[in-house]
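J.: So that we are looking at the same thing, I have put the structure below in structure tokens.
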Amino acid sequence: MERQRITAAHLFGRTFLVCLFLGGAIRRAEAQWKVVRLDPAGVTMSIASGASEDQQAGRVIVSWKDHAVVWGGSSGSWVDLHPLSANFSTAYGVSDGQQVGITYDFDVGHGVITNPRATLWSGSAASYTDLNPVGSASSYARAVHGGRQVGQVEVNGFYHACIWSGSAASWVDLNPAGASGSVALGTWGDQQVGCCGSVEDTGPTASLWSGSAASWVSLHPASELTSQALGAGAGEQVGYTQRTAGGVSHASLWNGTAASWVDLHPAGAYLSLANAVSGGRQVGEAALVDSGPMHAILWHGSAATWVDLGAMLPEEFARSSRARGVWSNATTTRVVGWAFNSVTLRDEAILWEQTRCGADFDENGFVTANDFDAYVLAFVAGGSTADFDGNGFVTGDDYDAFVAAFSAGC
């Protein structure tokens, strides 16, 4: 996370503005949520798996086959990414106008995917690019950011985490020395996250890379038996841990080291996991009771902040929901996933969108001088919560944008 030092002018502006503000009343700042049903007309099922500022990616079933798709915020905006040469396809991630996923065949008799090939699109079926390296029997592309794609490639019968830069020939093997195998599931900037096997002799190990196998860092907490990292944001990583063999999973958050691990598991829940992170927001799902259905969940950095997104859905979707992707800045959060429709008896893609007052930095529902003090501390620290514009960097532009929002009351 890049940051810019607060200048004397910034500090003077802060002091002057707070003095002016203290002469006025405390201002209320309400956050609002809305739910958008992305399920297109004429499809049998739809699932959204990835989110960016203005796009959502996933898959629909058309004529009994999975088709990778991208949306632009509404049901009618969907674009079919399915290449004519493929039997099946699905998209997992989206960023900066690029979508990633796989094309594949399907073994009906055994109910398994066969011949998966990592795939890159740029908004249309015609833009299809096969990322599968020469000599590899299979590959997956799981996430994309900043023109880089991550996933896994089969090497000598084992999957190796890897990173691409837009072509099959560009792939870089991220598998650490000593690992029996690895996968990369998320990326942001120059960081990649996923998991490795047998490096620490504990089972799956949550892992962080910075573009090479040698850069591998274990995120595995000492108290846990297994762990996996599923998503990455600006300086943050999310996933889950398990304390015992076959035990329930706990949604987890890291800030680049094993020691930074935060247990996001909601109090009283049976199990949970976090799938994606952006702008200080983490999303995933939790079973609130033993053997109960999953509920889409959003967090803001701690277990106590959890919000049940499933409870915001229309009644026919209330039983079961999932959250798989998120994009967030200081004023807007967009979460994607799906929910089971008890009327149509199928999964349908869902977009949750929240708008809030960016000047309410502590998110207590009011704009006060305390918000300014909290933002200054975050800005000096250079943490992701100070990234006001959501571009992955903390600079003077973020500070100026916060000042403008504060002076306007939102």
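J.: Please find, within segment 211-240, the residue that is nearest to Ala274 (Cα to Cα) out of those that are crowded, with 24+ Cβ neighbours inside 10 Å and of a type in the set (Ser, Thr, Tyr).
T.: It comes out as Tyr240.
J.: Next question. Of all residues in segment 268-305, count the ones that are more than 16 Å from the chain's Cα centre (by Cα), within 22 Å of Gly383 (Cβ to Cβ) and surrounded by 17 or more Cβ atoms within 10 Å (Cβ to Cβ).
T.: 1
J.: Now for a separate question. Within segment 210-236, track down each residue that is out of contact with any helix residue (DSSP H, G or I) (no Cβ under 9 Å at 6 or more places or on another chain) and either under 23 Å from Ala51 (Cβ atoms) or among the acidic types (Asp, Glu) (or both).
T.: Glu224, Gln228, Ala229, Leu230, Gly231, Ala232
J.: Of all residues in segment 102-119, which are on the phi < 0 side of the Ramachandran plot and modelled with pLDDT under 95?
T.: From segment 102-119, those on the phi < 0 side of the Ramachandran plot are 102-110, 112-114, 116-119; that's our starting set.
Tyr104, Asp105, Phe106, Asp107, Val108, Gly109, His110, Val112, Ile113, Thr114, Pro116 - these are the residues of segment 102-119 that are on the phi < 0 side of the Ramachandran plot and modelled with pLDDT under 95.
J.: Further, regarding this structure: Looking only at segment 190-203, how many residues end up being surrounded by fewer than 24 Cβ atoms within 10 Å (Cβ to Cβ) and either touching a strand residue (DSSP E or B) at 6+ places or on another chain (Cβ under 7 Å) or at pLDDT 95 or above (or both)? Walk me through it before giving the result.
T.: Quick first cut of segment 190-203, residues surrounded by fewer than 24 Cβ atoms within 10 Å (Cβ to Cβ) only: 190-191, 197-203.
Now drop any that are not either touching a strand residue (DSSP E or B) at 6+ places or on another chain (Cβ under 7 Å) or at pLDDT 95 or above (or both), which leaves 191, 197, 199-200, 202-203.
Summing the residues that are surrounded by fewer than 24 Cβ atoms within 10 Å (Cβ to Cβ) and either touching a strand residue (DSSP E or B) at 6+ places or on another chain (Cβ under 7 Å) or at pLDDT 95 or above (or both) in segment 190-203 gives 6.
J.: Now for a separate question. If we keep just the residues of segment 131-186 that are of a type in the set (Val, Ile, Thr) and within 20 Å of Ser95 (Cβ to Cβ), which is surrounded by the fewest Cβ atoms within 10 Å (Cβ to Cβ)?
T.: Only one residue tops the list, namely Val172.
J.: Right, here's the next one. Restricted to segment 343-365, and to residues that are surrounded by fewer than 23 Cβ atoms within 10 Å (Cβ to Cβ) and at pLDDT below 90, which residue is nearest to Ser320 (Cα to Cα)?
T.: Across segment 343-365, the extreme among qualifying residues is Arg356.
J.: Let me ask something additional. Give me the residue from segment 385-407 that is assigned to a loop (DSSP other than H, G, I, E, B) and under 19 Å from the mean Cα position of the chain (by Cα) and, out of that set, surrounded by the fewest Cβ atoms within 10 Å (Cβ to Cβ).
T.: Within segment 385-407, the match that is surrounded by the fewest Cβ atoms within 10 Å (Cβ to Cβ) is Asn391.
The values are calculated or read from the model by the stated rules, or taken from the named source; none is laboratory data. Just so you know, these numbers come straight off a predicted model, no measurement behind them. Here Cβ is always computed from backbone atoms with ideal geometry, including for glycine, and neighbour counts include all displayed protein chains.
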